[in-house]
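Derivation of every value follows stated rules applied to the coordinates shown; laboratory data play no part. These numbers were taken from a predicted model, which means no experiment stands behind them. In this analysis, Cβ positions are derived from the backbone assuming ideal geometry, glycine residues included, and neighbour counts consider all displayed protein chains.
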Amino acid sequence: MLLEVRSLSTAYQGLLAIQDVSLSVAKGEIVVVAGANGAGKSTLLKSIAGMERPRAGEVVFDGARIDGLPGHLITARGIAYVPENKRLFPRLSVADNLRLGRYLYRGEPDADGPLERVFALFPRLKERLPQRAATLSGGEQQMLAIGRALMTRPRLLMLDEPSQGIMPKLVDEIFSAIETIRAAGVTILLVEQRLAESLSIADRAYVLQTGRLILTGPAATLRDDPEVRRAHLGI
Ligand code: ATP
């Protein structure tokens, strides 16, 4: 397993947002965490990324505990996190936003290797290098946020609702980019409100409800399960 989350609980002002959550992600997998608004999906990713401090439980990455480490050290170990609000630098150019991603990378410097891979994935970004990030469309901003995360050369990429607020055509583009990123050897933990779409690219899925995991299994099994289809896929 590349990532193991064991009995993780995180609270805000004493109120538990996730409770006793355990999940694992094997090298090379795409794993989806689905669930309604407020189920705790973002809190789970923030707790893994070192943005929120869990109250209990463990996060083990590549055999070593990382819970309690500050976010930049977690990035340095090979976990990149694209938050829901993307956290781009709106007044900086596309090129500078990407450069900042590379700045966070602490391994062997490799000239423009990662940059070329980002351009191959999202050719639109190459066309818009001098443009300020704020002037990009929602979909392009998402591409830039993913591109910047890839500049840190992650082994695990965590994405928080990359399809949110994006027109359908670009959602397809982003989902197929996620598959390409995985094919290049990066493991993916994807948070999505929409289970149906994400099951189409995932190997396995977990469903969170009010802070607890209520369901897990291989994507194909969940897709065919009559109860899941009724309760979670609206079929
Ligand atoms: P969404 O899809 O709406 O982002 P989510 O599944 O990602 O939902 P979280 O954002 O993790 O859910 O929120 C889980 C719970 O924790 C919610 O009840 C939310 O109101 C609460 N919460 C989240 N962030 C904070 C915070 N900074 N302070 C207090 N409560 C918070």
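Students often forget the sequence filter, so: which lysines lie under 26 Å Cα-Cα from Lys169 once same-chain residues fewer than 8 apart are removed?
Lys41, Lys86, Lys126
Spin-label point model (7 Å from Cα, Cβ direction): what's the Thr180 to Ala134 distance in nm?
Distance between label points: 3.0 nm.
How much net charge surrounds Lys41 when only the other residues with a Cβ under 11 Å from the Cβ of Lys41 are counted, with Lys and Arg +1 and Asp and Glu -1? Each step should come with its number before you reach the end.
Details: positive: Lys46; negative: Glu84, Asp160, Glu161, Glu192.
Around Lys41, the charge tally is -3.
Can you tell which of Ser22, Tyr12, Thr216 lies farthest toward the positive end of the dipole of the chain, using +1 and -1 charges on the Cβ of basic and acidic side chains (Lys, Arg; Asp, Glu)?
Checked the options; the winner is Tyr12.
According to the Kirkwood expression over distinct Cα-Cα pairs, how big is the hydrodynamic radius of region 3-233, in Å? Present the calculation step by step, with values, prior to reporting the outcome.
Numbers: mean 1/r = 0.0558 Å⁻¹.
Taking the inverse mean of 1/r over all distinct Cα pairs, region 3-233 comes out at 17.9 Å.
Return, ordered by residue number, the residues of region 72-106 whose backbone nitrogen is under 20 Å from a label point located 7 Å along Cα→Cβ of Arg194.
Answer for region 72-106: 82-86.
In whole percent, what relative contact order does the chain give with Cα contacts below 8 Å and a gap of six or more residues? Show your work: numbers first, answer last.
Working: 446 pairs, mean separation 63.9, N = 235.
The normalised contact order for the chain reaches 27 percent.
Need one number: nm distance between label points at Glu127 and Tyr12, each 7 Å from Cα along Cα→Cβ, rounded to one decimal.
Placing both labels 7 Å beyond Cα along the Cβ direction yields 3.8 nm.
Note down the net charge around Ala145, summing +1 for each Lys or Arg and -1 for each Asp or Glu among other residues with Cβ under 9 Å from its Cβ. Walk me through the numbers before you get to the answer.
On the way: positive: Lys86, Arg87, Arg148; negative: none.
Net charge in that neighbourhood comes out at +3.
Suppose we keep just the DSSP beta bridges with both residues in region 84-235; what percent of those would be antiparallel, to 5? Please report the intermediate quantities before stating the final value.
Numbers: 7 of 12 bridges.
Among the beta bridges of region 84-235, antiparallel pairing accounts for roughly 60 percent.
Place a point 7 Å from the Cα of Asn37 along the Cα-to-Cβ direction; which residues of region 187-216 have their backbone N under 12 Å from it?
Backbone N within reach: none found.
Choose one answer from Ile146, Ile74, Ile48: the residue with the largest mean-square fluctuation in a GNM of the chain with alpha-carbon springs under 10 Å.
Ile74
If I model a spin label at Asn85 and Arg229 as a point 7 Å from the Cα along the Cα→Cβ vector, what separation in nanometres do I get?
4.1
Choose one of His232, Pro162, Gln141: the residue whose Cα lies farthest towards the positive end of the charge dipole of the chain (beta-carbon charges +1 Lys, Arg; -1 Asp, Glu; about the Cα centre).
My answer, from the dipole projection, is Gln141.
Calculate for the chain the 222 nm mean residue ellipticity that helices alone would give, adding -39,500 (n - 2.57) per DSSP H run of length 4 or more and normalising by residue count, nearest 500 deg cm²/dmol.
Numbers: 10 runs with 86 residues, N = 235.
Estimated from H runs of four or more residues: -10000 deg cm²/dmol.
Which order do the peptides 56-63, 4-11 take when ranked by the mean count of other beta-carbon atoms within 10 Å per residue, highest first? Before the final figure, lay out each step's value.
Values: 56-63: 16.2, 4-11: 18.5.
Sorting 56-63, 4-11 by mean packing, highest first, produces 4-11, 56-63.
Please get the size of the charge dipole for the chain, origin at its Cα centre, with Cβ charges of +1 on Lys and Arg and -1 on Asp and Glu, quoted in debye to the nearest 20. Kindly include the intermediate steps, with their values, before the conclusion.
Values: 30 positive and 26 negative charges, 113 e Å.
Approximately 540 debye in magnitude.
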